């Protein structure tokens with residue numbers, strides 16, 4: 001029975017992770033445990049165990065007497081995570097450039113052709129999924145399980161800002177060009193070049209998020225100061 005219950009809460013964690021990824025559960029949202037358990041057709045026990053798993057991954061936070069909330073990445077979180085991801089994924093690209101076979105590069109060639117097609121069409125959803133497949137493929141080619149584990153954990157958290165950077169005008173085409181530069185370095189067996197371009201790709205993604213936030217802030221209407229009240233003889 002214990003094995004079945006463990007499998008159930010892990011399955012529930014997968015379902016919730018997918019809901020967060022799809023923004024069905026949006027950043028900052030409160031998770032109604034009773035309603036969620038009912039919608040999933042389970043008791044609250046496996047749900048609570050699943051929420052503990054997601055809390056350990058940084059996707060949700062559990063607050064005493066308030067409940068569970070989907071995490072929302074702060075500017076400081078992003079400033080801390082993206083340089084770290086740039087270092088880790090840069091190293092993946094470095095090792096992939098040394099390890100990739102001709103068959104590996106042929107498989108990546110097809111993914112990059114798809115990526116360019118989706119960028120041209122402006123299909124953000126398809127672009128995002130293909131982009132993720134490329135990053136994961138390069139991660140596998142690096143063949144470093146320690147590096148892979150660190151990246152996978154951080155990538156789960158970064159999916160809280162899914163698609164957002166690609167909404168910046170022109171970013172999808174810039175992102176595609178950056179990926180093609182990484183791929184060119186992989187084909188040239190240039191580890192240093194692949195590492196440098198992958199770092200640039202991640203840091204420019206952070207810059208795109210900052211530009212979007214700055215634009216959103218500038219678009220917010222400013223409140224006019226209260227009008228001065230002219231004193232009357234009755235005051």
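Quick look at the numbers
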{"item": "Mean Cα-pair separation over length for segment 75-212, i.e. relative contact order, pairs under 8 Å, 6 or more apart, %", "result": "43 percent"}
{"item": "Shape category assigned to segment 75-212 from the gyration tensor of Cα positions, a/c cut at 1.5", "result": "oblate"}
{"item": "Two-site label geometry, residue 156 and residue 55: point separation in nm, points 7 Å out along Cα→Cβ", "result": "1.4 nm"}
{"item": "Matching label, mean projected area of the Cα convex hull in nm² computed from the structure shown, candidates [x] 19.9; [y] 11.8; [z] 12.9", "result": "[x]"}
{"item": "Cα-based helix-to-principal-axis angle, 2-21 vs the chain, degrees rounded to 10", "result": "80 degrees"}
{"item": "Taking the chain and dividing mean pair separation by its residue count, relative contact order in percent (alpha carbons under 8 Å, at least six apart)", "result": "23 percent"}
{"item": "For segment 170-187 versus segment 18-80, the gap between their alpha-carbon centres in whole angstrom", "result": "34 Å"}
{"item": "Neighbour-count ranking [beta-carbon atoms within 10 angstrom, fewest first] of 84, 73", "result": "84, 73"}
{"item": "P(r) weight above 13 Å for segment 2-70, C-alpha pairs, percent", "result": "62 percent"}
{"item": "Projected label distance in nm at residue 102 and residue 76, using a 7 Å step from Cα toward the beta-carbon", "result": "5.4 nm"}
{"item": "Computed label-point distance, nm, for sites residue 215 and residue 125 using a 7 Å Cα→Cβ extension", "result": "2.2 nm"}
{"item": "Whole-number percent relative contact order across segment 27-83, with pairs defined as alpha carbons under 8 Å at least 6 apart", "result": "41 percent"}
{"item": "Gained length - residue 145 relative to residue 48, 0.36 nm times residue gap less alpha-carbon distance", "result": "32.0 nm"}
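Readers should treat all values here as calculations from the given coordinates under stated rules, not as data from a laboratory. Everything numeric in this text was worked out from a predicted model, so none of it was measured. A quick note on method: Cβ atoms are made from the backbone with ideal geometry, for glycine too, and the neighbour counts reach across all protein chains shown.
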